[in-house]
1. Sort out which residues of region 122-154 are within 23 Å of Arg105 (Cβ to Cβ) and among the hydroxyl-bearing types (Ser, Thr, Tyr), and write them in order of number.
2. Which condition number in (1) among the acidic types (Asp, Glu); (2) at pLDDT 95 or above; (3) open to solvent by 20 Å² or more (accessible area, probe 1.4 Å) is the one that Asp33 fails?
3. Step by step: first the residues of region 119-144, then only those that are touching a Phe, Trp or Tyr at 6+ places or on another chain (Cβ under 6 Å) and modelled with pLDDT under 85, then the one that is most open to solvent (accessible area, probe 1.4 Å). Which residue is that?
4. Which residue is farthest from the chain's Cα centre (by Cα), if the candidates are limited to region 181-211 and must be under 30 Å from Leu52 (Cβ atoms), surrounded by 14 or more Cβ atoms within 10 Å (Cβ to Cβ) and aliphatic (A, V, I, L, M)?
5. Is there any pair with a first residue in region 10-22 that is assigned to a loop (DSSP other than H, G, I, E, B) and a second that is modelled with pLDDT of 95 or more and among the acidic types (Asp, Glu) whose Cβ atoms are under 9 Å apart and which are 6 or more apart or on different chains, and what are they?
6. Please specify each residue of region 184-217 satisfying the condition of being over 12 Å from Ser144 (Cβ atoms), in contact (Cβ under 8 Å) with a residue 12 or more places away in the chain and part of a loop (DSSP other than H, G, I, E, B).
7. Asp235: part of a loop (DSSP other than H, G, I, E, B) and more than 20 Å from Gly255 (Cα to Cα), yes or no?
8. Restricting region 23-55 to residues that are closer than 20 Å to Glu283 by Cβ and assigned to a loop (DSSP other than H, G, I, E, B), which is nearest to the chain's Cα centre (by Cα)?
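The values are calculated or read from the model by the stated rules, or taken from the named source; none is laboratory data. Treat the numbers as computed from the prediction; the structure is a model and nothing was measured. Here Cβ is always computed from backbone atoms with ideal geometry, including for glycine, and neighbour counts include all displayed protein chains. Please note that ligands, DNA and RNA were not included when accessible areas were found on the heavy atoms of the full protein model with its side chains. Shrake-Rupley method; radii C 1.70, N 1.55, O 1.52, S 1.80 Å.
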Amino acid sequence: MRLVTFAASGAARLGALVDDDSRIVDFAAARGDAAPSLDSMQALIEGGDAALIRAREIVAAAQRSGRGVIEATSVKLLAPLPKPPQMRDFLCFEKHLIQAFTRLRKVQAATAPDPEKALRELEKQGAFKPPKIWYERPSFYKPSRFAVCGTDTDVTWPAYSKTIDYELEFACVIGTPGRDIPKDKARAHIFGYTIFNDLSARDEQSLEMLSNLGPGKGKDFDSSNPTGPCIVTADEIPNPYALEMIVRVNGEERGRGNSREMHWKYEDCIAFVSRDETIYPGEMFCSGTVGNGSGLEIGRYVEPGEIIELEVEKIGVLRNRILRV
């Protein structure tokens, strides 16, 4: 199923996209009985297999009868999980890391009287290169779960920043809780997949990373974590490591990659995080930026008013406009 949360009659409702995403089965209108496990995306995830079976039954019945089926264009899609219980953003793609550091090395060298000589020196010193620890364990930070927004939501440019960037990622959503999960059993804990745009205030991020503590205001501002447009259940994507990923700005393709390039897989991330720690339904594990998936890598950032579209095969397109007010 392709599950969505949408706004209708002033409330958030749960539904499923059907008919090539042109229509939505509104669970509340279609089910005809009380089903608390279908009141929200979080409730559905926590409801486990029984809730998924009931949801599929409702979708099948609605498509036959037409009851509770609405046009997708008649409502506004919200973030599939409006407030995830937890978010973790990993750095799974080596190509992005290498290309980002290469760009930063060139930017640093450009400030010197002799940029070419400075670049050679930085390369000789091994400056701006992936740290050894990255190859030894999955690295992550925790984005603000309160900064989540959905597709077609306008994001306000933070007043403290002059440089805003996009980051093309996708995410898995945890379905079943667990602790000390072996890598070979980790996939069974995934409920589904969605798209994630890790919007970044690069100038602020570059300053705060000097503290060696991790990103803060460089990542966290209102609506800085767009997700969506839907959560595709795991059965619909049996192989999440073969998905084409594309970023466009104002319709122009800026970058393209594929999830097969993930150095660290979700199984690695789940096994690592769950060591002596329980993970819970609804948690989002984000992939980090695919290679070629950020403006940082090409030295070309977002301008006010531009529309960012992130497309991930089998999931859809996440679209947001960045506005300066």
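1. Residues of region 122-154 that are within 23 Å of Arg105 (Cβ to Cβ), as a first pass: 122-136, 139, 141.
Answer for region 122-154, where residues must be within 23 Å of Arg105 (Cβ to Cβ) and among the hydroxyl-bearing types (Ser, Thr, Tyr): Tyr135, Ser139, Tyr141.
2. (2)
3. Once the filter is applied, the top-ranked residue is Lys129.
4. Ile181
5. Ser22/Glu71
6. First, the residues of region 184-217 that are over 12 Å from Ser144 (Cβ atoms): 184-197, 200-214.
Remaining after also requiring in contact (Cβ under 8 Å) with a residue 12 or more places away in the chain: 184, 186-197, 200-206, 214.
Of everything in region 184-217, just one residue is over 12 Å from Ser144 (Cβ atoms), in contact (Cβ under 8 Å) with a residue 12 or more places away in the chain and part of a loop (DSSP other than H, G, I, E, B), namely Gly214.
7. So Asp235 does not fit the description; no.
8. Ser40
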